[in-house]
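Below: one structure, written as structure tokens.
The values are calculated or read from the model by the stated rules, or taken from the named source; none is laboratory data. Please read these numbers as outputs of a predicted model, since none were measured by experiment. Counting neighbours? That spans all protein chains shown, and the Cβs are built from the backbone with ideal geometry, glycine included.
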Ligand code: C2E
Ligand code: MG
Ligand code: MG
Ligand code: MG
């Protein structure tokens, strides 16, 4: 009956709320410990030139290896860390570590490998982040032009006033700006036109379906044309199949990222790839045959 249903859903509701709160508190405490005990690691995923197959850069992606629970996905802890403000400390660590790794790669002779770093919504609202980044770049002595900051459409929209200014200041210094997860937020074409961005990253959600859904194929093609028309480069994220790669290459997408090339891996593995002169020219050019 209606009454029973009501009762059931009430019980379910309180239990899950309580459970959620406990999990939440547990997570906040473990995050605090994770920061202190340095349980975070950065992994890197290659960004591949779609025409030549060369590795142009890497996206730095944070990994949390919890002492008891093992791997925890950034999709699970980044949103919570945003809520609690702990993202500020994690974000600083990410910036420092990624720039330090960039320094190491420059020292190894791989100076023009771009480093692309994700910046969270809260950090974008903090108008000091561009100065923080500038200080780190200076103290590491690395080249500004090979640093790229990724911000999601949603993060920009949440802080449209400060975000625009912070991004503009970073861009004025020569840092590249990429709009991440493009197509999943609510920004309008006016923002795409006016925001100080160099690169559009098409969300994996569209790439995933291009083999089955003509509509997604059409959207991706249109976004590439639109971005190029506005003078921006395009990265397709989440490429997993040769057919997806072939399609994206045909429509003139500039840069590819996805498991087809490499999963995100530790710095040491990236260093081996660089030393071996790894490139994906066969994969990239072979697909048209
Ligand atoms: P994102 O910035 O859009 O990063 C791309 C995500 O797609 C990564 O997930 C990457 O591992 C995954 N990916 C790449 N290629 C493929 C593919 O071919 N197939 C599939 N299924 N997935 C692919 P990850 O590392 O789990 O990160 C998830 C999100 O967490 C990121 O999305 C980003 O929003 C956030 N994140 C990760 N690291 C950081 C960080 O250092 N700072 C901040 N603020 N956010 C981060
Ligand atoms: Mg990203
Ligand atoms: Mg992305
Ligand atoms: Mg994404």
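Values for this structure:
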item: Residue that is surrounded by the fewest Cβ atoms within 10 Å (Cβ to Cβ), among those in segment 23-50 that are in a helix (DSSP H, G or I) and under 22 Å from the mean Cα position of the chain (by Cα); result: 35
item: Of the criteria (1) within 11 Å of ligand 1 (Cβ to nearest atom); (2) surrounded by 16 or more Cβ atoms within 10 Å (Cβ to Cβ), which one residue 195 fails; result: (1)
item: Selection count where residues are in contact (Cβ under 8 Å) with a residue 12 or more places away in the chain and either farther than 25 Å from residue 109 by Cα or touching a helix residue (DSSP H, G or I) at 6+ places or on another chain (Cβ under 9 Å) (or both), scope segment 70-95; result: 17
item: Count of segment 167-181 residues which are in a strand (DSSP E or B) and surrounded by fewer than 20 Cβ atoms within 10 Å (Cβ to Cβ); result: 1
item: Test: residue in segment 118-128 that is within 11 Å of ligand 1 (Cβ to nearest atom), more than 18 Å from the chain's Cα centre (by Cα) and modelled with pLDDT under 95; result: no
item: Answer from 202, 207 - the residue that is in contact with a helix residue (DSSP H, G or I) (Cβ under 7 Å, 6 or more places away or on another chain), within 16 Å of ligand 2 (Cβ to nearest atom) and within 21 Å of residue 115 (Cα to Cα); result: 202
item: Given (1) under 30 Å from residue 219 (Cβ atoms); (2) over 17 Å from the mean Cα position of the chain (by Cα), number of the condition residue 239 does not satisfy; result: (2)
item: Complete set of residues in segment 261-284 that are surrounded by fewer than 19 Cβ atoms within 10 Å (Cβ to Cβ), farther than 17 Å from residue 114 by Cα and in contact with a helix residue (DSSP H, G or I) (Cβ under 9 Å, 6 or more places away or on another chain); result: 283
item: Test: residue in segment 249-263 that is assigned to a helix (DSSP H, G or I), touching a strand residue (DSSP E or B) at 6+ places or on another chain (Cβ under 9 Å) and at pLDDT 95 or above; result: yes
item: Filter result (surrounded by fewer than 18 Cβ atoms within 10 Å (Cβ to Cβ) and in contact with a strand residue (DSSP E or B) (Cβ under 9 Å, 6 or more places away or on another chain)) within segment 79-95; result: 93
item: Residue list for segment 151-161, restricted to those being surrounded by 15 or more Cβ atoms within 10 Å (Cβ to Cβ) and away from ligand 4 (no atom under 15 Å from the Cβ); result: 157, 158, 159
item: Filter pass, residue 148 being away from ligand 4 (no atom under 16 Å from the Cβ) and at pLDDT 95 or above; result: no
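Let's see how each residue does on (1) over 18 Å from residue 54 (Cβ atoms); (2) near ligand 1 (Cβ under 10 Å from one of its atoms):
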{"site": "208", "(1), (2)": "yes, yes"}
{"site": "211", "(1), (2)": "yes, no"}
{"site": "217", "(1), (2)": "yes, no"}
{"site": "223", "(1), (2)": "yes, no"}
{"site": "234", "(1), (2)": "no, no"}
{"site": "241", "(1), (2)": "yes, yes"}
{"site": "257", "(1), (2)": "no, yes"}
{"site": "261", "(1), (2)": "no, yes"}
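A quick yes/no check of all residues on (1) within 16 Å of ligand 2 (Cβ to nearest atom); (2) buried (at least 22 other Cβ atoms within 10 Å of the Cβ); (3) on the phi < 0 side of the Ramachandran plot; (4) not in a strand (DSSP E or B):
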{"site": "52", "(1), (2), (3), (4)": "no, no, yes, yes"}
{"site": "58", "(1), (2), (3), (4)": "yes, yes, yes, no"}
{"site": "97", "(1), (2), (3), (4)": "yes, no, yes, yes"}
{"site": "106", "(1), (2), (3), (4)": "no, no, yes, yes"}
{"site": "111", "(1), (2), (3), (4)": "no, no, yes, yes"}
{"site": "123", "(1), (2), (3), (4)": "yes, yes, yes, yes"}
